[in-house]
Amino acid sequence: MEEWKQKKVLIVEDELEIRNMIDGFLRKEGFSRIFHAGSCKEALVICASDKPDVAILDVMLPDGDGFGLLTSIRRFSQIPVIFLSARGEDEDRLLGLGLGADDYIVKPFLPRELVLRLLVILRRVYAPPQIDRLPVFQLGDSTVDLEAAIVTRDHHEYALTAKEHALLRKLYENRGRIVTSDALCQSVWGDDYYGYENTLMVHMRRIREKIEPCPSTPEYLLTVRGLGYKLLVKEES
Amino acid sequence: MDGAAQILRRYTGASILIAFFLLIVNYIILGTFVFKGMNEGSSPVHVTQTVAEGLHQNGSHYTLEPKAQEWLQKSQAWAMLIANDGKVIWDYAIPDQLPRAYSLAEVAQFSRNYLQDYPVFVWEHERGLVVVGYPKDSLAKYQFHFPISWISDLPYRLLALLFGNVLLAALLSLFIGSRLIRAIRPLISGIHALSEDQHTHVEAKGMFSGIARSINHASSLLQEKNALLKARDEARSNWIAGISHDIRTPLSMVLGYASELEESDAVPFEQQQKASIIRKQGEKLRSLVSDLNLVSMLEYEMQPIHTKPIRLSTLARQIVTDFLNNDLAETFTIELDVTTEQCFVMGDEKLLVRAITNLLQNSIVHNPSGCHIHVQTTLSPNQRNALLIITDNGKGIEHSMLPDLVELPYSSKRKSTLHNGHGLGIPMVARIAAAHHGHLLLTSDTGKGMTAELCFPLSS
C-alpha cells in the first residue's frame with residue numbers, strides 16, 4: 001500500500017484554502033510529494049518539469065477551465081486525472097469523463113472519499129502487471145475455488161458450470177449484500193436477460209446442491225423474497 | 001381548416017335562405033302592388049258586361065240602368081248596340097266621327113283591336129252586340145295566345161324557375177363565400193397558431209389587412225412575453241445554480257475539516273462528537289443544495305431529460321435492495337410486491353430513482369419509531385398507466401395537509417411550512433412525475449399511514 005504514497009500528486013485548484021485542505025489530508029494519509037498549482041499555466045509548467053503521477057483538477061480556474069487543461073496535458077502525458085468540481089451537472093460530469101478523466105468528484109466532498117478514489121486509481125494505473133486470480137473462499141465446510149470453478153466439500157469435488165460460476169462470482173463480489181435477480185440475470189445473460197427468472201431459480205438450486213450441506217434449508221445462499229439473493233460469507237482471514 | 005368549412009356552410013345556408021325569402025317577397029309584391037293597377041276601378045270587361053245586362057228593350061226604345069250609366073260616365077266611356085244587320089240601334093255618348101253601321105269584317109277587326117284608336121270591348125246582347133269604347137290612349141289592349149301544353153307545363157316551369165333561382169343563389173354564395181374564406185383562412189390559421197402559442201405571421205392584404213396586422217401584433221407581443229418569461233425563468237434557475245455552486249466550495253471545507261476532526265485521535269471524544277454533528281449537518285446542507293438545484297431546474301423545465309424504456313419492477317427491486325443493503329434500521333421493514341414484470345415506462349433513470357428514493361426516505365424520516373413499508377409495481381385498472389405505490393403504516397399526516405406537501409416550501413400556494421426535513425423531497429417527486437407526463441397522488445390521514453402513488457404513462 002505504502003508504495004502508492006510515493007507517487008507525485010498535482011493539485012490544481014485556485015482556492016488556496018481548499019488546496020491546503022487537500023494537501024493536509026494527503027500528507028496525513030502518507031503522501032509526501034505534492035505539487036500545487038493555482039492556474040492552468042502553473043499546472044502545465046509543473047506537468048512539464050516535475051512529471052506528476054496523478055493530477056486532481058478543479059474545473060473552474062482563473063485562466064481557463066479544467067477541461068481545456070486536461071486536453072492540453074493529454075497532448076504530452078497520459079497521467080490519470082480526477083476532476084474535483086463544484087459543477088455537478090450531468091453534462092459537466094459526462095464532459096469531464098468523456099475527455100478521459102479517471103474520476104469526477106463533485107464538491108462538497110468528504111476527504112476520505114477523495115483519498116480512497118485516488119488510491120483506487122493509483123493502484124489500477126501503476127500496479128505491476130499481474131494476472132488477476134479469482135478468489136478462493138470458504139463457506140462452512142465447502143471451499144469454493146472460483147479460479148478453478150470447483151467446489152470441494154466432504155472430499156468431493158463439484159465442478160461449477162459457466163453460468164453457475166458467473167452467478168457465484170457476482171454474488172461473491174457483493175457478499176453480505178442483496179443482489180437483485182435482475183442484476184444476476186444481467187451478469188449471466190446480458191442486457192436481454194428478461195424472461196430468465198425461472199432459469200435463474202434452477203441455477204440457484206444447482207449451486208445450493210453444490211455448496212450447501214442441506215440445500216432445502218440454505219445457510220449461505222439465501223433467497224430474499226421478491227428481490228434477489230444474498231451470499232453470506234464469514235470472512236476468516 | 002374546420003373553422004373555415006363551418007363558416008362557408010353557414011354562409012351558403014344563409015345566402016340560400018335570403019335568396020328564397022327575396023323571391024317570395026318579390027312574388028307577393030308583384031301580385032299585390034304591380035298587378036293591383038291592372039283592374040283599377042272596374043275592369044272594362046266588367047263594365048261592358050254590366051252595360052249589356054243593364055240595357056233593356058222597351059218597345060222600340062232602349063233604356064240603360066242608372067248603375068251602368070254611372071260606370072260609363074266614370075270611365076268617360078261611350079257605348080253602342082250593334083244589331084245583327086250591322087246597324088247601330090242604340091248608343092250612348094258615342095263620338096260623332098264613328099260610323100253608324102259596321103260590316104262583319106269591321107266588327108271582327110275592332111272586337112280584337114281598336115275602333116278608330118278607341119279601345120273597345122264587346123259583349124253579346126239578345127238584340128246584337130254591345131260595344132263599350134274607352135277614350136283614346138286610356139287603355140292598352142293586348143291579345144295573348146298560349147298553347148295548351150305551355151299552360152299545363154306552367155307549374156313545372158315555375159318550379160324549375162324557383163329551383164334555378166335557389167341553385168344560382170347557392171352557387172353564387174359558394175363562389176363569394178369561398179373567396180371570403182380564402183381571405184379569412186390565413187386569419188383563422190393565425191388565430192389558431194396564437195392559441196397554441198406559436199409564432200405566426202399573416203399576410204396583410206385586402207379587406208382583412210387590419211385584422212391581419214392585429215394578429216401579427218398579438219403574435220409578436222406573445223413571443224416577446226414568452227421570451228421575457230423564459231429569460232426570467234432561466235435567470236432564476238441560473239441564480240439558484242450559481243448559489244448552489246458558490247455554497248459548494250465553503251461547504252467542502254466545513255465537511256473536510258469536520259470529518260478530519262471527527263476521525264482525529266488527538267481530539268477529545270466530546271469534541272469528536274461535535275465535529276460529527278457539524279459533518280452530519282454539513283451533509284444535510286449538501287443534499288439540500290443539490291436538491292434545490294434539481295428542483296429549480298425541474299420547476300423551470302431546464303432539466304434535460306434523457307429517457308429510455310425502463311422496467312419499473314427492476315428499478316423498484318434495485319432501490320428497495322439498496323435501502324436494505326445500506327443498513328436500514330431494524331425497526332423498518334420493506335416489502336416489494338411486483339404484480340407484473342411487463343411494466344415499462346419511458347423515463348430518466350436517475351430522476352426516477354431519485355423520486356422513488358425520496359418517497360421511501362420520506363416514510364423513514366417521518367416515522368422515527370419505525371414502520372412497515374409496502375412497495376408495489378402494477379398496472380392501472382385501465383391498463384394504460386404504470387403505477388408504483390408506496391404505502392407505510394406510520395403515523396400519516398392530516399388529510400387537509402396533503403395538498404401542501406407537493407408545493408414548494410415558502411411558495412404562495414403553501415399554507416403552512418413544514419418543520420421536518422427541508423421540504424423539497426415530495427415537491428421534487430411531484431415535479432419529476434410531471435416531467436415524465438405522470439403524476440403523484442398522496443393519500444393519508446392522521447394515524448392511517450401514507451400512500452404515495454406514482455402514475456406514469458406506459459411505454460409502448
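FYI, it's all coordinate maths here, none of it is from the lab. Keep in mind that what you see is a predicted model, and the values were worked out from it rather than measured. For neighbour counting, all protein chains shown are included, and Cβ atoms are generated from backbone atoms with ideal geometry for every residue, glycine included.
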Give, in nm to one decimal, the length gained when the segment between A:Tyr172 and A:Thr71 is fully stretched (0.36 nm per residue of separation minus the Cα-Cα distance).
-> 32.5 nm
Alpha-carbon spread of segment B:305-457, three principal axes, descending order, Å | 39, 38, 28
In vacuo Debye sum over C-alpha of segment B:16-97, base-10 log of normalised intensity I(q)/I(0) at q = 0.11, 0.14, 0.18, 0.25 Å⁻¹, listed in q order, is -0.47, -0.61, -0.81, -1.20
Using 0.36 nm per residue of separation minus the Cα-Cα distance, give me the extension gain between B:Glu203 and B:Lys350 in nm, one decimal.
-> 48.2 nm
Per residue, the convex hull enclosing the alpha carbons of segment B:44-133 has a volume in Å³ of 87 Å³
What angle, in degrees between 0 and 90 and rounded to the nearest 10, separates the Cα long axis of helix B:44-54 from the longest principal axis of the Cα atoms of chain B?
-> 40 degrees
Can you spot the lysines whose alpha carbon is less than 23 Å from B:Lys350's alpha carbon? Ignore those fewer than 8 places along the same chain.
-> A:Lys107, B:Lys284, B:Lys308
Normalised contact order of segment B:168-281, rounded percent, pairs of Cα under 8 Å and 6 or more residues apart = 14 percent
Kirkwood hydrodynamic radius of segment B:56-208, Cα pairs, Å | 22.0 Å
Taking 7 Å along the Cα-to-C-beta vector as the label spot, tell me the A:Asn198-A:His155 distance in nanometres, rounded to one decimal.
-> 4.1 nm
Chain A: angle of helix A:162-173 to the longest principal axis, Cα-based, in degrees nearest 10 | 50 degrees
Determine the dipole magnitude for chain A: charges of +1 sit on the beta-carbon of Lys and Arg, -1 on that of Asp and Glu, nothing else is charged, the reference point is the Cα centre, and the result goes in debye to the nearest 20.
-> 380 debye
Taking the square root of 5λ for each eigenvalue of the C-alpha gyration tensor of chain A, the equivalent ellipsoid has semi-axes, largest first and in whole angstrom, of 46, 20, 16
Lys, Arg +1 and Asp, Glu -1 on Cβ, resulting dipole of segment A:3-126 about Cα centre, debye, nearest 20 = 640 debye
Shielding of B:241-250 by partner chains, average beta-carbon count, 10 Å | 4
Going toward the positive end of the dipole of segment B:28-153, with +1 on Lys and Arg Cβ and -1 on Asp and Glu Cβ, which of B:Pro99, B:Gly128, B:Ala140 do you reach last?
-> B:Ala140
Quote the charge dipole size of chain B about the Cα centre in Debye, to the nearest 20; the model charges only the Cβ of Lys and Arg (+1) and of Asp and Glu (-1).
-> 1060 debye
Listed residue (A:Phe25, B:Ser195, A:Gly66) projecting farthest to the positive dipole end of the protein assembly as shown, Cβ model = B:Ser195
Is any residue of segment B:69-86 close enough, with backbone N under 18 Å, to a label point placed 7 angstrom from the Cα of B:Ala101 along the Cα-Cβ axis, and if so, which?
-> B:81-86
Mind ranking A:53-59, B:432-438 by how tightly packed they are, going by the mean number of other C-beta atoms within 10 angstrom, highest first?
-> A:53-59, B:432-438
Kirkwood Rh and Cα Rg combined as Rg over Rh, evaluated for the protein assembly as shown = 1.46
Give the long-range amide H neighbours of A:Val224: residues separated by 5 or more places, or on another chain, with amide H under 5 Å away, using H modelled in the peptide plane at 1.01 Å from N.
-> A:Tyr229, A:Lys230
Partner lysines whose C-alpha sits under 18 Å from that of B:Lys141, ignoring same-chain residues fewer than 8 away, are B:Lys36
Average beta carbon contacts from partner chains per residue of B:296-306, 10 Å cutoff = 1
Expressed in whole Å with the largest first, what are the equivalent ellipsoid semi-axes of segment A:136-231 derived from the C-alpha gyration tensor as the square root of 5 times each eigenvalue?
-> 21, 14, 12
Per the Debye formula with a single identical scatterer at each Cα and no solvent contribution, what log10 I(q)/I(0) holds for segment A:69-177 at q = 0.14, 0.18, 0.19 Å⁻¹?
-> -0.79, -0.94, -0.99
So how much slack lies between B:Ile28 and B:Leu159, counting 0.36 nm per residue of separation and subtracting their Cα-Cα distance, in nm?
-> 45.5 nm
What is the projected area of the convex hull of the Cα atoms of segment B:210-299, averaged over all directions, in nm²?
-> 6.4 nm²
Karplus ³J(HN,Hα) for segment A:194-200 (6.51 cos²θ - 1.76 cosθ + 1.60, θ = phi - 60°; Hz, whole; x = Gly/Pro) runs 4, x, 9, 4, 5, 4, 4
Considering Cα pairs under 8 angstrom that are at least six residues apart, work out the relative contact order of segment A:136-231 and quote it in whole percent.
-> 27 percent
Helix B:148-195 versus the longest principal axis of chain B: what angle, 0 to 90°, nearest 10, using Cα atoms?
-> 30 degrees
Which residues' amide hydrogens lie under 5 Å from the amide hydrogen of B:Cys343, considering only partners 5 or more residues apart or on another chain, with H built in the peptide plane?
-> B:Leu312, B:Ser313
Residues B:Gln6 and B:Leu171, FRET efficiency given R0 of 25 Å [Cβ-Cβ distance, rounded to 0.05] | 0.80
Run the numbers on chain B and let me know its relative contact order in percent, using alpha-carbon pairs under 8 Å that are six or more apart.
-> 10 percent
Picking from B:Asn226, B:Leu23, B:Gln73, whose Cα lies most toward the positive end of the charge dipole for the protein assembly as shown (charges on Cβ: Lys, Arg +1; Asp, Glu -1)?
-> B:Gln73
Rg (one decimal) and Dmax (whole number) from the Cα set of segment A:3-126, in Å, equal 12.9, 35
Could you give the Stokes-Einstein D for chain B in µm² per second, using the C-alpha Kirkwood radius, 20 °C, 1.002 mPa s?
-> 64 µm²/s
For A:Lys210, counting only lysines whose alpha-carbon sits under 22 Å away and dropping same-chain residues fewer than eight positions off, the answer is A:Lys163, A:Lys170, A:Lys230, A:Lys234
